[in-house]
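Single-structure report; data block below.
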Amino acid sequence: MIQTLLLLLGIGAAILLSCHYMDEAVTQLQLEQEALQLESLVRAATSDCRQDETIHYPIGQVTCTQTDKGFKMEAILESGQRIEAVVSNG
C-alpha cells in the first residue's frame, strides 16, 4: 500500500514537472513568434515609410520618425510587445 502511494506520488510529481517544462517551451515559442512578427513589421515599414507617420498593419503598427540619416521606427504588436529600430537610407 505504501509502495503504491509512493508510486502515485512520484507519477504526480513527474506530471507536474513535465507540465512546467511544456509551459516554458510554449512561452519560448510565443516569444520567438512575436520577435519574428516585430521583425516583419520593421521590414514592411522600411519600404512603406515616406515621412513621419504611423502605418497600421494587420498584426500591429509602426511609427516612423524621419531623421537626417533615415528613419527611427517603433513597431508595436497587437499583444503590446514593441521594438525600436533605426533604418538608414541607402
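The values are calculated or read from the model by the stated rules, or taken from the named source; none is laboratory data. Given the structure is predicted, the values throughout are model-derived calculations rather than measurements. Cβ sites come from the backbone with ideal geometry, for glycine too, and all protein chains shown count toward neighbours. Only protein heavy atoms, including side chains, enter the accessible area calculation; ligands, DNA and RNA are left aside. Shrake-Rupley method; radii C 1.70, N 1.55, O 1.52, S 1.80 Å.
Here SER18 meets each of (1) open to solvent by less than 60 Å² (accessible area, probe 1.4 Å); (2) assigned to a strand (DSSP E or B); (3) polar (S, T, N, Q) with one exception, condition (2).
For the stretch 50-75, filtered to residues that are over 14 Å from VAL86 (Cβ atoms) and open to solvent by less than 50 Å² (accessible area, probe 1.4 Å), the residue that is farthest from the chain's Cα centre (by Cα) is ILE55. Which condition breaks for GLU34 when tested against (1) in contact with a Cys (Cβ under 7 Å, 6 or more places away or on another chain); (2) open to solvent by less than 70 Å² (accessible area, probe 1.4 Å)? Only one criterion in (1) in contact with a Cys (Cβ under 7 Å, 6 or more places away or on another chain); (2) open to solvent by less than 70 Å² (accessible area, probe 1.4 Å) is unmet by GLU34, namely (1). Among the candidates SER40, SER47, SER79, the residue that is surrounded by fewer than 17 Cβ atoms within 10 Å (Cβ to Cβ) and in contact (Cβ under 8 Å) with a residue 40 or more places away in the chain is uniquely SER79. Close contacts from the stretch 13-35, counting a first residue that is at pLDDT 85 or above and a second that is open to solvent by less than 90 Å² (accessible area, probe 1.4 Å), with Cβ to Cβ under 9 Å and a gap of 6+ residues or different chains, come to GLN30/SER79; LEU31/GLN81; GLU34/LEU77; GLU34/SER79; GLU34/GLN81; ALA35/GLN81; ALA35/ILE83.
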